[in-house]
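Okay, structure first, notes after.
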Amino acid sequence: QVQLVESGGGLVQPGGSLRLSCAASGFAFSRSVLSWYRQVPGKERELVARIDSAGSTKYADSMQGRATISRDNDKNTVCLQMNSLKPEDTAVYYCHAFVSFRVYWGQGTQVTVSS
């Protein structure tokens, strides 16, 4: 059974940092492309960051320089470190995996940036 379980969301003040984690199981983690997406009510889900099986990364323009995605293939985890957070970063953040032409999603974790 495939599982993606996010953690680390919460309330943070503008300018603060958060580290999101996603624990994965049930699929070939080391071969997967892993991503973090986010979504706010009324808008489409958008890509925040992606890391492929070779470790190459891609970031949304809005997060460039403020986010770092990393993976640990021994622990089957993918993390997203976010710094200098802004109110517009408020969203539900989802872990996403693509492997063997299949897509998997986590349940999401809320990130709220507010003073």
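The values are calculated or read from the model by the stated rules, or taken from the named source; none is laboratory data. The structure presented is a predicted model; accordingly, all values stated were derived computationally and were not measured. Neighbour counts are summed over all protein chains in view; Cβ atoms, including those assigned to glycine, are modelled from backbone coordinates with ideal geometry. What goes into the accessible areas is simple: the full protein's heavy atoms, side chains included, and nothing from ligands, DNA or RNA. Shrake-Rupley method; radii C 1.70, N 1.55, O 1.52, S 1.80 Å.
Of the listed residues THR90, THR68, the order by accessible area with a 1.4 Å probe, largest first, is THR68, THR90. The lysines within cross-link reach of LYS43, meaning a Cα-to-Cα straight distance under 19 Å and a gap of 8 or more places when in the same chain, are LYS86. Full extension of the chain between GLN64 and TRP105 gives 12.5 nm of extra length, using 0.36 nm per residue less the Cα-Cα distance.
Annotation: for a label point projected 7 angstrom from Cα along Cα→Cβ of THR112, residues of segment 54-88 with backbone N closer than 18 Å are 85-88. Per residue, the accessible area of the chain comes to 54 Å², computed with a 1.4 Å probe over protein heavy atoms only.
Looking at segment 27-106, the chymotrypsin sites (Phe, Trp or Tyr not before Pro) that sit in a DSSP loop and have at most 13 other Cβ atoms within 10 Å of their own Cβ are PHE101. Karplus-based coupling profile of segment 41-51, in residue order and whole Hz: x, x, 10, 6, 5, 10, 6, 9, 7, 9, 9, with θ = phi - 60° in 6.51 cos²θ - 1.76 cosθ + 1.60 and x standing for Gly or Pro.
For GLY16, the amide hydrogen comes within under 5 Å of the amide hydrogens of LEU85, counting only partners 5 or more places away or on other chains and with H modelled in the peptide plane. Estimated at the nearest 10 Å², the accessible area of ARG50 is 70 Å² with a 1.4 Å probe.
Legend: residues LYS86, LYS43, sorted from most to least accessible area (1.4 Å probe; ligands, DNA and RNA excluded), read LYS43, LYS86. Spread over its residues, the convex hull of the C-alpha atoms of segment 57-115 is 110 Å³ per residue. Sparsely packed loop sites in segment 16-99 (the GluC sites (Glu not before Pro) outside DSSP H, G, I, E and B with at most 12 other Cβ atoms within 10 Å) comprise GLU44.
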